[in-house]
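Since the structure comes first, as structure tokens, the remarks are kept for the end.
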Amino acid sequence: MCEFCHKHGEGKKWYLRAENYSEDLLSDVRRRKYIERFLSRPERLRGDLESLEMLDRAPALVRGALVRVLSNRQKRVHYGQVVPIEDLERILGFVNTVVRLPCICRKVTLGREKRYCYGLSISPGGGGFSRILRGLEPGFLAGPDTSGLETMTKEEALQALREHEHEGLCHTVWTFHTPFIGGLCNCDRSDCIAMKATVSHDFPVMFRAEYVARIDPGNCSGCRQCLRVCQFGAIAYSVAEKKSAVDARRCYGCGICRAACSREAISLLDRASVPAGAHLW
Ligand code: SF4
Ligand code: SF4
């Protein structure tokens with residue numbers, strides 16, 4: 001279990017705890033202001049990317065100390081975790097409203113709108129998080145060509161998330177003043193600033209999933225499709241055996257490889273049951 005499960009999940013998966021999406025948490029004025037500022041100022045993320053590049057050039061000791069301090073701060077305000085589709089389905093089982101919105105990272109990195117993020121609310125009739133989103137200046141969030149936010153049924157949202165998975169995107173949940181969870185994103189290494197920070201700059205802003213993938217060699221045809229979609233370089237191919245295998249030390253447990261495997265050779269195991277990955281977050 002990750003640190004947040006112990007702190008905010010009462011020993012269970014913290015993102016499956018309905019209280020962490022509650023209106024009670026959202027009624028905190030500081031949290032609401034943080035969400036408004038976060039979503040209204042995408043340009044701030046460009047500065048964050050530049051800071052990461054500067055940090056990479058710092059001496060190792062300085063860098064290590066800064067990363068620890070800043071990453072711990074990040075855990076208090078805005079931190080994520082990779083979540084596979086079956087757990088997203090469980091989340092959609094208890095939230096009441098799902099609103100699709102443009103991804104703030106892609107707005108910065110691609111300069112255009114891509115609707116890969118989903119705001120979640122637990123109260124009937126739309127909830128506070130959706131109200132905050134609707135109250136934002138539309139020019140910041142949706143661009144001039146698209147107005148309003150897209151309310152979806154939970155079935156539509158699940159279908160869209162499955163499609164993102166087949167596009168090779170990695171599902172993540174995000175806090176806004178931890179432990180409140182406001183939304184889901186669908187990330188990739190080229191466009192998502194959080195994934196760039198965590199994977200390319202070794203500056204963790206999200207936990208790995210509570211799972212690790214395993215390939216059953218008996219079902220693996222060696223087609224290497226899984227290897228092509230893994231964004232974490234966690235799959236290797238053995239020419240001698242003509243099979244692929246997962247390196248548990250690199251696996252984030254996203255399940256994207258599983259969706260790409262036509263032989264159903266890949267399953268997700270509890271991270272705790274895989275010694276090589278059990279303590280890697
Ligand atoms: S996609 Fe499936 S069958 Fe193909 S190499 Fe990967 S595990 Fe094996
Ligand atoms: S090997 Fe691990 S990190 Fe790579 S796609 Fe599969 S589950 Fe995700």
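Could you tell me which GluC sites (Glu not before Pro) in segment 1-65 are loop residues by DSSP with no more than 15 other beta carbons within 10 angstrom of their beta carbon? When the GluC sites (Glu not before Pro) of segment 1-65 are filtered for loop state and at most 15 Cβ neighbours within 10 Å, Glu10 remain.
Other residues lying with their Cβ under 10 Å from the Cβ of Ala248 contribute a combined charge of +3, Lys and Arg counting +1, Asp and Glu -1.
Phe203 contributes an accessible area of around 20 Å² to the protein surface, as traced by a 1.4 Å probe with all chains present. Could you grab the relative contact order for the chain? Cα pairs under 8 Å, six or more apart, rounded to a whole percent. The normalised contact order for the chain reaches 20 percent. For segment 212-261, the ratio of Cα radius of gyration to the globular rule of thumb 2.2 N^0.38 Å stands at 0.99.
Considering only the Cα atoms of segment 155-280, their convex hull presents on average a projected area of 8.7 nm². Note on segment 146-190: Kirkwood radius taken over Cα pairs, Stokes-Einstein applied at 25 °C and 0.890 mPa s, translational D equal to 203 µm² s⁻¹.
At the residue level, Ser51 shows approximately 60 square angstrom of accessible surface with a 1.4 angstrom probe and all protein chains present.
About its Cα centre, what dipole magnitude does segment 23-124 give when the only charges are +1 on Lys and Arg Cβ and -1 on Asp and Glu Cβ, stated in debye to the nearest 20? All intermediate terms of the calculation are to be shown ahead of the outcome.
Working: 21 positive and 13 negative charges, 82 e Å.
Computed charge dipole of segment 23-124: roughly 400 debye.
Over all other residues within a Cβ to Cβ distance under 13 Å of Leu161, the charged ones net out to -3, with Lys and Arg as +1 and Asp and Glu as -1. If I fit a long axis through the Cα atoms of helix 154-166 and take the longest principal axis of the Cα atoms of the chain, what angle between them do I get, 0 to 90°, rounded to 10? The helix 154-166 is inclined about 40 degrees to the chain. How big is the Kirkwood radius of segment 42-111, worked out from every pair of different alpha carbons and given in Å to one decimal? Averaging 1/r across every pair of different Cα atoms and inverting gives 15.2 Å. Using a/c under 1.5 as the rounded threshold, could you call the chain rounded, prolate or oblate? The axes a ≥ b ≥ c are square roots of the C-alpha gyration tensor eigenvalues, and prolate needs a/b larger than b/c, oblate otherwise. Prolate, because a/c is 1.5 or more and a/b exceeds b/c. Each Lys or Arg adds one and each Asp or Glu subtracts one; over the other residues with Cβ under 12 Å from the Cβ of Gln225, this totals +4. Between Met195, Met54, Met206, the GNM of the chain built on Cα springs shorter than 10 angstrom shows Met54 fluctuating the most. Using the rule -39500 (n - 2.57) for each DSSP H run of four or more residues, divided by the residues of the chain, the 222 nm mean residue ellipticity is -10500 deg cm²/dmol.
Calculate, for the chain, the solvent-accessible area per residue in square angstrom, rolling a 1.4 angstrom probe over the heavy atoms of the protein chains. It would help to have the intermediate numbers written out before the result.
Numbers: 13270 Å² over 281 residues.
Ligands and nucleic acids excluded, the figure is 47 Å² per residue.
Remark: relative contact order (segment 21-127) = 33 percent; criterion is Cα-Cα distance under 8 angstrom and separation of 6 or more residues.
The values are calculated or read from the model by the stated rules, or taken from the named source; none is laboratory data. Predicted model, so just to flag it, every value in this text is computed and none were measured. We place every Cβ from the backbone using ideal geometry, glycine too, and count neighbours over all the protein chains shown. These area figures cover heavy atoms from the full protein model, side chains too; ligands, DNA and RNA do not enter into them. Shrake-Rupley method; radii C 1.70, N 1.55, O 1.52, S 1.80 Å.
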